[in-house]
Amino acid sequence: MTTAQTTLRDRVLALIADEGTVREASMFGGRSVMLDEKMIVSALKDGGLLVRVDADRHEELLARPGAAQAEMGAGRDMGPGWIEVAADAIADEEQLAEWMGIAMEHRRRTR
């Protein structure tokens, strides 16, 4: 893992420490964080974050600074519900906590 990826993963884990059973897995080109066996986010090699979101909020969330449609390789769109957030858009704890809140909201709805 890269330093940026490790740092982001540690920040993510600190935010969900008391939420449930946490497991990590390598997938989607990053280090994915699973909470109670459901993927919520993935720390990417460049320090960006792949976030699983409610598909109904997809377009709204894409309008946020640093948010982009997630791709599974060049030109292969992952579809609604998958957003990649640039590292500089989650540089401070408040920004990261906001995106983690969105991911956790989606997780609670899909239980």
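When 31, 52 are checked against the criterion of being within 18 Å of residue 95 (Cα to Cα), under 11 Å from the mean Cα position of the chain (by Cα) and of a type in the set (D, E, K, R), 52 stands alone in meeting it. Checking 101, 79 one by one, the residue that is modelled with pLDDT under 95 and either out of contact with any Cys (no Cβ under 9 Å at 6 or more places or on another chain) or under 22 Å from residue 17 (Cα atoms) (or both) is 79 and no other. Just to be sure before I move on: is residue 26 open to solvent by 60 Å² or more (accessible area, probe 1.4 Å) and assigned to a strand (DSSP E or B) in the structure I sent? When the stated conditions are applied, residue 26 passes them.
Restricting the range 72-84 to residues that are farther than 14 Å from residue 59 by Cα and of a type in the set (A, V, I, L, M), which is farthest from the chain's Cα centre (by Cα)? Here the answer is 74.
The values are calculated or read from the model by the stated rules, or taken from the named source; none is laboratory data. These numbers come from a predicted model, not from an experiment. Every residue, glycine as well, gets a Cβ built from its backbone with ideal geometry; the counts of neighbours run over all protein chains shown. Protein only, heavy atoms only, side chains kept; ligands, DNA and RNA dropped before computing areas. Shrake-Rupley method; radii C 1.70, N 1.55, O 1.52, S 1.80 Å.
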